[in-house]
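What follows is a single structure, written as structure tokens, with notes after it.
Read the figures in this text as sums done on the coordinates, not as results from a lab. Keep in mind that what you see is a predicted model, and the values were worked out from it rather than measured. With ideal geometry, Cβ positions are generated from the backbone for all residues, glycine too; neighbour counts draw on all protein chains shown.
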Amino acid sequence: MKKKVIWITGASSGIGKCLALKFAKEGWIVVASARRKELLEELNKENNAICSFPLDVTNVDDCKNTFNKILNKFEEIEISFFCTGMHDPSSEKKFNLEKIKEITEVNYFGTLNCINAVYNYYLKRESGQISIVSSVAGYRGLPAAGAYCASKSALSSFAESLYFEMKKKNVRVSLVSPGFIKTPMTDQNDFPMPMIKTPEFAANEIYNGLIKKNSFEIHFPKSFTFIMKILKILPNSIYFKLVGKGMSKMKY
Ligand SMILES: NC(=O)c1ccc[n+]([C@@H]2O[C@H](COP(=O)([O-])OP(=O)(O)OC[C@H]3O[C@@H](n4cnc5c(N)ncnc54)[C@H](OP(=O)(O)O)[C@@H]3O)[C@@H](O)[C@H]2O)c1
């Protein structure tokens, strides 16, 4: 039987890298994209079912051309998994317009550039899945994370809209909302991260969510995302009081 293909962006480290290894181990062909070519080549050495297609998601033409090359080589792409993201906690303590633009350019528009590249392909194919990695940080505005939260909030809303559009064409759209996962991104944080999990844990949860289940949102760890979901529906007055109190306890 022909092996199925998944395209993963943000595959050079953290969650995307672990997911690439997980899918390859499960017998898939994995097309791995990110800017750092050498890291993608190391992944290929670890498992030759992982193929390197370097890409900068902020470049709309690069996204289109890379996807066309992938399509030429593999013909059918079952899942497109958009995991690229950046966070810069040190820049979030004070309003910094340039950084906000940079983070939005990668997290939001970078993902939209990838969706743009695959959009017509999935409309025509009338099957398959587009999966978008957002965050529980997109549920509400968290302290000292405005640029990151806003970019993820925009992404989550966009994914919901895309869901309706793609459903008509039998294409599944899923949204991935992780809690804290230990990766180079969270290694920058200087505060205790509750219920933090390994990227291998994240990869297993995502694999099961993409392959074995059919819900729109794949969120984990449930013990943490449950709390974030409660914060999401709280009235503003209670939300601001609760989070403000938590912050002052942490002396943040
Ligand atoms: N870790 C967490 O706790 C957590 C929680 C919620 C959501 N998330 C989300 O999960 C995703 C993966 O994050 P992570 O924690 O695994 O972080 P990470 O290890 O820093 O991975 C980020 C990935 O994005 C790629 N990337 C960044 N800018 C890019 C660009 N312009 N073009 C192409 N690729 C680019 C990086 O590769 P190159 O530098 O090689 O390009 C890297 O592969 C992100 O969307 C993040 O927001 C993470």
Net charge, His87 excluded, C-beta distance under 12 Å - Lys, Arg +1, Asp, Glu -1: -2
Long-range amide H partners of Ile181 with built H, under 5 Å: Lys197
Helix 236-249 vs. the chain, principal-axis angle (Cα, 0 to 90°, nearest 10): 80
Net lengthening on full extension, Asp56/Glu105 (0.36 nm per residue, minus Cα-Cα): 16.5 nm
Of Lys45/Lys212; Lys101/Lys182; Lys17/Lys37; Lys64/Lys124; Lys3/Lys168, pairs whose Cα-Cα distance is over 18 Å: Lys45/Lys212; Lys101/Lys182; Lys3/Lys168
0 to 90° range, to nearest 10: angle between helix 60-74 axis and the chain longest Cα axis: 40
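Please give the FRET efficiency for Leu234 paired with Lys169, using the beta carbon to beta carbon distance and R0 = 41 Å, rounded to the nearest 0.05.
In this case the efficiency is close to 0.65.
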Top of Asp88, Asp56, Asp187 by mean-square fluctuation, Gaussian network on the chain, Cα under 10 Å: Asp187
The stretch 5-249: radius of gyration over Cα atoms, expressed as a fraction of 2.2 N^0.38 Å: 0.99
Dipole of the chain [Lys/Arg +1, Asp/Glu -1 at C-beta], most positive-end residue of Tyr119, Tyr207, Leu97: Tyr207
Value of relative contact order over the stretch 1-156, rounded to a whole percent, pairs C-alpha under 8 Å and six or more apart: 22
Net charge of Cβ neighbours under 12 Å - reference Leu39; Lys, Arg +1; Asp, Glu -1: +1
The chain - mean residue ellipticity at 222 nm from DSSP helices (-39,500 (n - 2.57) per run, n ≥ 4, rounded to 500): -15500 deg cm²/dmol
Of Lys197, Lys73, Lys169, the one that fluctuates the most in a GNM where the chain has Cα springs shorter than 10 Å: Lys73
Cα-based shape type of the stretch 166-252, given that a ≥ b ≥ c are square roots of the gyration tensor eigenvalues and the cut on a/c is 1.5: oblate
Projected-area mean, the stretch 1-128, by convex hull of Cα positions, square nanometres: 8.4
Among Ala20, Ala144, Ala34, residue whose mean-square fluctuation peaks in a GNM of the chain (springs only between Cα atoms under 10 Å): Ala144
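Where the only charges are on Cβ atoms (+1 Lys, Arg; -1 Asp, Glu), what is the dipole of the chain about its Cα centre, to the nearest 20 debye? Intermediate results must be reported in sequence, preceding the final value.
On the way: 36 positive and 24 negative charges, 160 e Å.
I would put it at about 760 debye.
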At R0 = 41 Å, FRET efficiency that the Cβ-Cβ distance of Leu242 and Lys37 yields, to 0.05: 0.35
